[in-house]
Amino acid sequence: MDQIKVRGGIKLNGIIEVSGSKNASLPIIIASLLTERKVTVRKVPDLADVRTILELLTFFGSEIKLTSGVNGKVLEINNTNITINKAPYELVRKMRASVLVLGALLARYGKASVSLPGGCAIGTRPIDIHLNGLESLGASISLEDGYVNAEAKKGLIGSEINLPKVSVGATENLMMAATLAKGKTVLFNCAKEPEISELGKFLNTMGAKILGLGTDKITIYGVDELGETDFTVANDRIETGTYAIAAAITGGVIKLQGAQTNQLFSVFDILSKTGVSIVEDGDAIIVSREGDIIPFDIATQPYPGFPTDMQAQIMALLSLANGSSIITENIFENRFMHIPELVRMGANITQEGPTAIIKGVKKLKGAPVMATDLRASVSLVLAGLAAQGETVISRIYHLDRGYEDLVQKLTNCGADIDRITGF
């Protein structure tokens with residue numbers, strides 16, 4: 001099993017090209033199942049999660065071609081010869097996004113069977129919202145032997161669906177299903193994350209009729225079929241925020257090329273209040289810090305609030321603040337598993353239910369630590385960059401799910417970091 005070794009205390013300086021969005025790429029790739037025409041997706045990040053989805057589509061019968069382009073990978077998908085509409089546990093268990101194939105397969109073929117999903121252990125994240133929504137579109141749903149079986153013999157029918165809870169996955173799943181449903185579907189209380197808008201834009205380039213993207217009310221007018229498209233994925237906002245904190249926590253200067261500044265208002269606003277300088281430079285931002293890290297209280301919220309996917313990273317930063325901060329996690333109940341690992345590095349953090357109290361310390365010390373999920377793992381890398389001595393991070397396969405070329409990108413900015421294989 002691989003490890004990452006970081007020898008901290010170096011101010012990072014350099015340029016990082018932000019990769020294509022993981023959270024946009026996954027549903028977009030799945031949405032290709034809605035058409036038998038050729039789909040081209042550009043700037044696809046080379047990640048374990050992307051490879052897992054491509055493995056699943058190949059299992060269904062998709063023809064996949066992945067090549068290197070000027071700005072990342074170019075993915076060509078042909079779904080003419082889909083012969084299987086059952087997603088097995090062996091593939092779905094690797095990541096929760098696999099459940100999104102349910103809506104796409106059901107809409108196109110009228111029948112689908114998907115194993116209950118796996119993924120990071122950061123909360124229960126039940127899929128009942130997905131299933132109830134599909135039933136509202138006319139699907140018959142049953143659970144048997146760990147599989148969700150869905151059928152719509154006469155096709156899906158448009159409906160008005162009020163989501164009982166804001167859910168990114170359910171919004172995406174129902175939006176995909178409704179594109180080929182008969183009539184008009186209106187989704188209320190939708191998630192508003194930029195990745196949902198990206199999915200909608202992608203579907204619209206294929207001939208879908210989706211209105212209200214970026215709002216909590218999305219209207220979909222069903223069409224008979226979707227066609228060919230060539231689409232470029234937006235850059236990854238969470239990667240942007242993560243590397244911004246890398247500059248901040250080390251007191252360095254990093255230029256983030258292709259940063260999605262309009263999607264990170266809440267993150268940049270809080271970073272500015274903690275003493276971090278963020279300057280726009282064309283299609284890039286320059287992030288730096290010279291003075292103390294100023295403490296600040298944060299609560300994670302659905303978009304456009306502070307994202308839960310940035311909570312662990314900013315906790316690493318605030319652990320070195322000149323004073324105390326409070327972070328309240330409102331999205332996932334188990335997303336504080338990085339706290340004991342940061343404490344091993346000298347952080348002073350206590351947890352009280354969904355709240356973490358961070359009393360800033362003057363320095364962190366390198367230590368052997370273990371990653372527990374994707375964002376927790378990168379928070380330990382960030383802490384290691386600022387710590388005195390060597391930090392060894394185990395179980396880094398989590399990192400491979402969401403950060404493309406992380407070690408190389410940080411090395412290019414002067415970090416003393418290595419990936420060690422064979423452990």
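The values are calculated or read from the model by the stated rules, or taken from the named source; none is laboratory data. Keep in mind that this is a model prediction, so the values were computed, not measured. When we count neighbours, we look across all protein chains shown, and the Cβ atoms used for this are built from the backbone with ideal geometry, even at glycine.
Remarks
- Residues (of a type in the set (D, E, K, R) and in contact with a Lys or Arg (Cβ under 7 Å, 6 or more places away or on another chain)) located in region 207-228: ASP216, GLU228
- Long-range neighbours under 7 Å by Cβ, at least six apart or interchain, first residue aromatic (Phe, Trp, Tyr) within region 264-285, second part of a loop (DSSP other than H, G, I, E, B): PHE265/PRO304
- Test: residue in region 116-124 that is in the same structural domain as ARG51 (by TED's automatic domain parsing) and either more than 30 Å from ASN235 (Cα to Cα) or touching a strand residue (DSSP E or B) at 6+ places or on another chain (Cβ under 7 Å) (or both): yes
- Residue within region 304-316 that is at pLDDT 95 or above, in contact with a Pro (Cβ under 8 Å, 6 or more places away or on another chain), of a type outside the set (D, E, K, R) and within 22 Å of GLY169 (Cα to Cα) present: no
- Screening region 159-169 for residues that are of a type outside the set (S, T, N, Q) and farther than 16 Å from SER197 by Cβ and picking the one that is modelled with the lowest pLDDT gives LYS165.
- Some residue of region 184-196 being closer than 19 Å to GLN311 by Cα and out of contact with any helix residue (DSSP H, G or I) (no Cβ under 9 Å at 6 or more places or on another chain): no
- The condition (being closer than 30 Å to ILE331 by Cα, touching a strand residue (DSSP E or B) at 6+ places or on another chain (Cβ under 7 Å), modelled with pLDDT of 85 or more and hydrophobic (A, V, I, L, M, F, W, C)) is satisfied by just one residue among ALA48, ALA139, ALA104: ALA139.
- Test result for PRO368, more than 30 Å from LYS73 (Cα to Cα), touching a Lys or Arg at 6+ places or on another chain (Cβ under 9 Å) and surrounded by fewer than 19 Cβ atoms within 10 Å (Cβ to Cβ): yes
- Test for ILE4: is it more than 25 Å from GLU193 (Cβ to Cβ), modelled with pLDDT of 95 or more, crowded, with 22+ Cβ neighbours inside 10 Å and in contact with a Lys or Arg (Cβ under 9 Å, 6 or more places away or on another chain): yes
- Candidates GLY346, GLY389, GLY366, GLY360 - the one that is more than 30 Å from SER98 (Cβ to Cβ), touching an Asp or Glu at 6+ places or on another chain (Cβ under 7 Å) and touching a residue at least 12 places away in the same chain (Cβ under 8 Å): GLY366
- GLY384 crowded, with 21+ Cβ neighbours inside 10 Å, assigned by TED's automatic domain parsing to the domain that holds ILE298 and not in a helix (DSSP H, G or I): no
- In region 319-338, the residue that is modelled with the lowest pLDDT out of those that are more than 22 Å from GLY291 (Cβ to Cβ) and crowded, with 22+ Cβ neighbours inside 10 Å is ARG335.
Residue-by-condition table, conditions (1) within 20 Å of the chain's Cα centre (by Cα); (2) closer than 23 Å to SER266 by Cβ; (3) at pLDDT below 95:
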residue	(1), (2), (3)
LYS182	no, no, no
ASN189	no, yes, no
GLU195	yes, yes, no
LYS201	yes, yes, no
ALA208	no, no, no
GLY214	yes, yes, no
TYR221	no, no, no
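- Of the residues making up region 242-284, those that are of a type in the set (S, T, N, Q) and in contact with a Phe, Trp or Tyr (Cβ under 9 Å, 6 or more places away or on another chain) are THR242, THR261, GLN263, SER266, THR274.
- Strands (runs of 3 or more DSSP E) enclosed by region 1-73 - at least 3 residues per element that are more than 15 Å from the chain's Cα centre (by Cα) and free of Cβ contacts under 8 Å to residues at least 60 places away in the same chain: 63-69
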